[in-house]
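This report concerns only the one structure given below.
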Amino acid sequence: MSSTTAMPDPVPIRDAATVAVLRDGRGGGLEVLLLRRHASHVFGAGADVFPGGAVDRDDVELTRDADLTDGPWRMAALRECFEEAGLLCATHDAKTADQIADQRRALNAGRCDWRDVIDALELELDLSMPVAFARWTTPPGPPKRYATRFYALAAPDEQCAQADGRETVAAEWMAPAAALADADAGRRWLMTPTRATLIQLAHYRDTATALAGLRT
């Protein structure tokens with residue numbers, strides 16, 4: 001008689017945050033920002049995703065005194081919105097669009113870190129702004145695994161979402177139901193957590209009701 005023992009997955013699981021950025025479309029109705037991952041990306045190549053990524057050391061250090069158990073994840077969500085989509089979900093003291101764009105380029109090129117950006121742009125971050133609503137963990141198998149907390153927030157006014165051209169190659173605002181229809185027709189690829197979130201968002205008529213519903 002023989003028995004087999006399941007071998008543990010050698011891929012470490014990293015903490016991560018993802019944020020569904022919401023807005024009300026010009027024609028009415030809820031829209032969510034989708035970013036197209038670069039085809040050479042190790043994880044989710046070519047998939048349409050929400051801004052997000054791993055929690056890093058700055059996220060932990062900058063929230064050490066915050067009265068939030070998930071402060072590092074919330075900070076990562078705000079940082080990734082800026083890195084990947086160019087959306088600055090914070091208040092700042094009259095900085096120009098060029099100054100903000102310069103800081104984003106420097107951050108993505110590794111010439112500065114998020115703490116430097118906060119100082120240079122004199123940002124005031126509200127960590128209570130992202131609404132936490134889900135957690136997903138990558139199953140064994142992929143070359144990278146994440147334990148990801150999902151958040152949602154309203155898009156900042158008068159800012160234009162732009163892919164970073166490195167990790168993401170396109171940015172598009174979509175009605176959740178339309179994005180799901182595209183995926184069903186083979187026009188875009190959605191990973192399971194993204195699809196599940198879009199199904200959830202499709203029940204809401206606008207940003208206010210979506211955020212209120214997700215809070216519960």
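Structure notes:
- Using only side-chain charges placed at the Cβ, +1 for Lys and Arg and -1 for Asp and Glu, the dipole size of the stretch 145-216 relative to its Cα centre rounds to 380 debye.
- Look at the Cα gyration tensor of the stretch 71-174: its axes a ≥ b ≥ c give a/c of at least 1.5 with a/b over b/c, and that counts as prolate.
- Classification of the chain by its C-alpha gyration tensor yields an oblate form. The axis ratio a/c (a ≥ b ≥ c) is 1.5 or more, and b/c is at least a/b.
- Amide N of the stretch 118-154 lying under 16 Å from the label point, which is placed 7 angstrom from the Cα of residue 206 along Cα→Cβ: 154
- Cα gyration tensor, the stretch 10-112 - rounded (a/c under 1.5), prolate or oblate: rounded
- Portion, in percent, of the accessible area of the stretch 66-207 that falls on carbon or sulfur, probe 1.4 Å: 49
- Residues in the chain average 53 Å² of solvent-accessible surface per residue, probe 1.4 Å, ligands and nucleic acids excluded.
- Secondary-structure-derived ellipticity at 222 nm for the chain, considering helices only, amounts to -9000 deg cm²/dmol, per-run term -39500 (n - 2.57) for DSSP H runs with n ≥ 4.
- GNM flexibility winner over the chain from 206, 59, 67 (Cα, springs under 10 Å): 67
- Among 85, 177, 185: highest mean-square fluctuation, GNM of the chain, C-alpha pairs under 10 Å: 185
- Placing +1 on the Cβ of every Lys and Arg and -1 on the Cβ of every Asp and Glu, with no other charges, gives the chain a dipole of roughly 920 debye about its Cα centre.
- For the chain, with +1 on Lys and Arg beta carbons and -1 on Asp and Glu, the positive-most of 169, 62, 153 along the dipole: 169
- Dipole of the chain [Lys/Arg +1, Asp/Glu -1 at C-beta], most positive-end residue of 204, 121, 82: 204
- Environment charge at residue 20 (Cβ cut-off 15 Å; Lys +1, Arg +1, Asp -1, Glu -1): -1
- Rounded to the nearest 20, the size of the Cβ-charge dipole of the stretch 55-175 about its Cα centre is 660 debye, with Lys and Arg at +1 and Asp and Glu at -1.
- All-pairs Cα distance distribution in the stretch 138-187, expressed in whole percent, bin size 10 Å: 17, 29, 47, 7, 0
- Rounded FRET efficiency, nearest 0.05, which uses the C-beta distance separating residue 94 from residue 137 and R0 of 45 Å: 0.60
- Comparing mean-square fluctuations of 133, 150, 50 from a GNM of the chain with C-alpha springs under 10 Å, the top value falls on 133.
The values are calculated or read from the model by the stated rules, or taken from the named source; none is laboratory data. Fair warning: this is a prediction, and the values are worked out from it, not measured in the lab. No Cβ is skipped: glycine too gets one built from the backbone with ideal geometry, and neighbour counts run over all protein chains shown. Protein only, heavy atoms only, side chains kept; ligands, DNA and RNA dropped before computing areas. Shrake-Rupley method; radii C 1.70, N 1.55, O 1.52, S 1.80 Å.
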